[in-house]
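Have a look at the structure below, then the notes.
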Amino acid sequence: MITPDPVPPASPSATRTPGRPAHRIDGRTTRWDAHRVRRRAELTQAALRAIRRHGPGIGMEEIAAEAGTSRTVLYRHLGDRAGAWRAVIESVDALVWGDMAAASEAAATHPDPPTVIAAITNSYLTLVERDPAIYRFVVTRPLNDTDGDDPVAGMSSRMGQRLTPVMASLLRSSGAASAASPETARTLAHGLVGMVRFVCEDWVGREPRPPREELVAEVAELFGARFDALCTAADGSAPSPATPLDPTPTIARSTR
């Protein structure tokens, strides 16, 4: 059964009559704002359920049916399919970061870099493995959403920013901080997010799909090696990691 949304109350006029104080905003206006926020969240959850049921290629009709409402209500609160896509990304962003934060906090009792990096990577891949249709919906940009910023790239950037202090803490606890540059934590954080994202895009589409644990171990070993190199440099037993590498390709050097 389709349930219509209530009609918002009319706001009292804020015009000022000479000699009288201006009207104050009616409390009903604030209550209606709260209703919009709540209704948007409900419809976003309906969109998530519809994606799980019908796959990432769903339209507004499937979302409306799942929510038990009309497309008119969806358009009012979410906009078109691109608007629904952005609303889902906001929800997934919060969910991914919640899982990553919990994983990094849980791993704090064993603050060696590979353990923490493995926990963070595993939390992301577990979410994708649990909801592959939602992941595909998020990373597939709607054709009619060609203007404005890219919310998927924005989500990755926010993840990198949030993980930067986690990497900084790992650098300190591992003894690698003295050999790191001021930008090392930021580079590690954004590099981890980017690597996990693109490894995941390849992994989720493969059949048969390699075990999640294998990818987690590979990522943890790769980033753990960087921490090991920094710790070695901090002990003074190896050249500083800041020493620039020769950017000339190997093939070009061999033909000189």
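The values are calculated or read from the model by the stated rules, or taken from the named source; none is laboratory data. Please read these numbers as outputs of a predicted model, since none were measured by experiment. Because the Cβ atoms are built from the backbone with ideal geometry, glycine has one as well, and the counts that use them run over all protein chains shown. The area values use the complete protein model at the heavy-atom level, side chains included, leaving out ligands, DNA and RNA. Shrake-Rupley method; radii C 1.70, N 1.55, O 1.52, S 1.80 Å.
Here are a few things to note about the model shown:
- Filter result (under 21 Å from residue 140 (Cβ atoms) and either free of Cβ contacts under 8 Å to residues at least 60 places away in the same chain or polar (S, T, N, Q) (or both)) within segment 91-121: 91, 94, 95
- Of the listed requirements (1) within 21 Å of residue 58 (Cα to Cα); (2) surrounded by fewer than 17 Cβ atoms within 10 Å (Cβ to Cβ); (3) touching a residue at least 12 places away in the same chain (Cβ under 8 Å), residue 84 misses just one: (2).
This table checks each residue for (1) within 19 Å of residue 217 (Cα to Cα); (2) open to solvent by less than 60 Å² (accessible area, probe 1.4 Å); (3) modelled with pLDDT under 80.
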position	(1), (2), (3)
99	yes, yes, no
107	yes, yes, yes
115	yes, yes, no
119	yes, yes, no
122	yes, yes, no
125	yes, yes, no
145	no, yes, yes
152	no, yes, yes
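- Condition check for residue 7: modelled with pLDDT under 85, of a type in the set (A, V, I, L, M) and either in a helix (DSSP H, G or I) or open to solvent by 80 Å² or more (accessible area, probe 1.4 Å) (or both): yes
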